[in-house]
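Comments concern the structure below.
Please treat every number below as a calculation from the coordinates, not as lab data. Please read all numbers here as calculations on a predicted model, not as lab measurements. FYI the Cβ positions are ideal-geometry reconstructions off the backbone, even for glycines, and counts take in every protein chain you see.
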Amino acid sequence: MRNVTILAVAVLVAAGCGGAKAGKPGSDSAEAWLSTTINGQKVGYSLYRFDQSAGGYRFESYIKMTVAMAGKEQRIESRSVAHAGPDLALQDFTFTFSSQDRSFAVKGRVAGGELVFDAPGDKQERTIKLAGPGYPAAALGRYVVVRKLVKDSTYKVPVFDAAIMGVVPAEVKVIGREKVKAGGQEYDALKFTTKMAKFEMTTWIDDKGMSIVEASPPGMRSERTTAEQVLKAEPEDRKFDVLTMFRVPVDTEIPDGAKVNRLKLEITGVDPKEYDLTGPGQQVLTQSPLVVEIKTPGVPAGPLALPVAGEADYLKPSVSIQSDAPEVKAKAHEAIGDEKDAVAATRKLVSWVFTVMEKQATASFPSALDVLKTMKGDCNEHAVLFAALARSVGIPTKTAVGLIYMNRAFYYHAWNEVYLGTWIPVDATFGEFPASALHLKLAEGELSQQAEILGLVGTIGIKVKEFGTATK
């Protein structure tokens, strides 16, 4: 669960264009420092640089943040380098991420209409098909300037973001020139907005396409400064807890331990045209006001033979769900033994992941192979490992993200759905098969799809209208 909060902060900062120390006229490089705050509280800084040559561009970024997760301090660092052609289209990249909990590194390249990934520990290359050229997130401001995008016009730009391991369609709208203040100075800037994964950021750039200010809800702001000011700044005694960004309080208290099998919610701040709020046991009752009802679906009695027939796309391995890895297959068969019934096998896998994995708030970009080595993490680690194990034995599995009710509030959470003749939600973090009706699904898929929930941060409101509990 808490892993999504760190992902969100990393995406919001990393997806920017980078700020710049103004270079000399005609200079083919620029260096930039941005200081980042959330609701006025310092959380970190970033350093960006681009170099242009006859062969194209090199974009480099370094991001450092210190925040808290449920009271635990997290010091996060990420580095990325992307090479692009003269047209700014991505050619190759490297990306590293580290925290106290985990380190992660991946590199990739564009080849034959595909984005090819190579991650340590994974014996196979992973690929994502590309519909056309993708542009590094760090190059977006440069793209606006070089392409001479027109004021009051909106453009669709496929943006590659290493933080979510995918190409995301972005809508870029040029607002026009205006004055903006940053670091105690006033700048003449070009303003534009970027809507990516249903999340909108406003950016002011200089004539080289480098950021002066970046602003996004709820209260995140990065602005140009100097290296000296960033590096000498004293850290905050009280670290910003990123959970406060994602907590959605409610008035109704649901007793701890209650087996909730029905939940009716009135939701504000969510456009049902942008978010598909239907899912296993979940349906929209009315749209004005927006009311969603969630019911715990029944589990097929079985037996249902392995591998499960149907929904074959959800048996395929992916960049983070390496269900074809020998280590994953071996562990899955260890967990289910000689079980041939898919329903019983699912129950065993949920129980195994819930029992064996250590519950720990973790700042990382999880992959099944990585989780299998550490066997610790929060909801994202549980979900990605369960998905890989289940797919490896022939159970079609999705990753779902959304909100879960706990202690008079909803928190962002990840869980799974398995296909057993019909889709059934399961939650290995809490050992639930099926998952309780306390789960509100907002998105599904890989990180690039999961990132769509960022558009609801600070805007969604929830009122519990009714809830029901099982009699047994």
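Using 25 Å as the Cα-Cα cut-off, could you pick out the over-long pairs in Lys316/Lys340; Lys340/Lys398; Lys64/Lys239; Lys64/Lys316; Lys295/Lys398?
Lys64/Lys316
Report the antiparallel proportion of the DSSP beta bridges in the range 248-469 as a percent, rounded to a multiple of 5.
So the antiparallel bridges amount to about 95 percent of the total.
So what's the range 2-244 giving for Cα Rg divided by 2.2 N^0.38 Å, two decimals?
0.97
Going down the list Lys198/Lys373; Lys42/Lys123; Lys129/Lys373, which pairs span over 31 Å between their C-alpha atoms?
From Lys198/Lys373; Lys42/Lys123; Lys129/Lys373, over 31 Å: Lys198/Lys373; Lys42/Lys123.
Please list, short to long, the whole-number percent of alpha-carbon pairs of the chain in consecutive 10 angstrom bins beginning at zero.
4, 20, 29, 26, 15, 5, 1, 0
Within 10 Å, count the other beta carbons around each residue, average over each peptide in 252-262, 84-94, 109-119, and list them highest first.
Ranked by mean Cβ neighbours within 10 Å, highest first: 84-94, 109-119, 252-262.
Mind checking the dipole of the range 248-469: about its Cα centre, +1 per Lys or Arg Cβ, -1 per Asp or Glu Cβ, Debye to the nearest 20?
Rounded to the nearest 20 debye, it is 300 debye.
What is the distance in Å between the Cα centres of the range 425-472 and the range 128-147?
Here the answer is 33 Å between Cα centres.
What is the helix-to-structure angle for 326-336, meaning the angle in degrees between its Cα long axis and the longest Cα principal axis of the chain, kept from 0 to 90 and rounded to the nearest 10?
Orientation of helix 326-336: about 30 degrees from the principal axis.
Charges on Cβ only, +1 for Lys and Arg, -1 for Asp and Glu, centred on the Cα centroid of the range 147-233; of Ser222, Val167, Trp204, which one is farthest towards the dipole's positive end?
Val167
Considering only DSSP beta bridges with both partners in the chain, what is the antiparallel share in %, to the nearest 5?
95 percent
Which far-off residues, 5 or more places away or on another chain, put their amide H under 5 Å from the one on Ala111, with H placed in the peptide plane?
Val116
Among the aspartates and glutamates, which have Cα under 19 Å from the Cα of Lys264 when same-chain residues fewer than 8 positions away are ignored?
Lys264 reaches Asp251, Glu253, Asp256, Asp276, Glu293, Glu466.
Could you list which residues have their amide H under 5 Å from that of Ile212, counting only those 5 or more apart in sequence or on another chain, with H placed in the peptide plane?
Under 5 Å from the amide H of Ile212 lie the amide H atoms of Trp204, Ile205, Asp206, each far enough along the sequence or on another chain.
Toward the positive end of the charge dipole of the chain, about the Cα centre and with charges on Cβ (Lys, Arg +1; Asp, Glu -1), which of Leu190, Thr278, Ala30 goes farthest?
Farthest along the dipole direction, towards plus: Leu190.
Expressed as a whole percent, how much of the Cα-Cα distance distribution for the range 235-381 exceeds 28 Å?
43 percent
With only Lys, Arg, Asp and Glu charged, each at its Cβ (+1 for the first two, -1 for the last two), find how big the charge dipole of the chain is about the Cα centre; round to the nearest 20 debye.
The dipole magnitude comes to about 400 debye.
Per DSSP H run of n ≥ 4, the term is -39500 (n - 2.57); total these for the chain, divide by its residue number, and report the mean residue ellipticity at 222 nm rounded to 500 deg cm²/dmol.
Value at 222 nm, helices only: -5000 deg cm²/dmol.
Looking only at Cα atoms, what is the convex hull volume of the range 322-467 per residue, in Å³?
Per-residue hull volume (Cα only) is 116 Å³.
Antiparallel versus total DSSP beta bridges in the range 2-244: what percent is that, nearest 5?
So the antiparallel bridges amount to about 95 percent of the total.
Listed highest first by mean packing, meaning other Cβ atoms within 10 Å per residue, what order do 285-292, 375-382 come in?
Packing order, densest peptide first, comes out as 375-382, 285-292.
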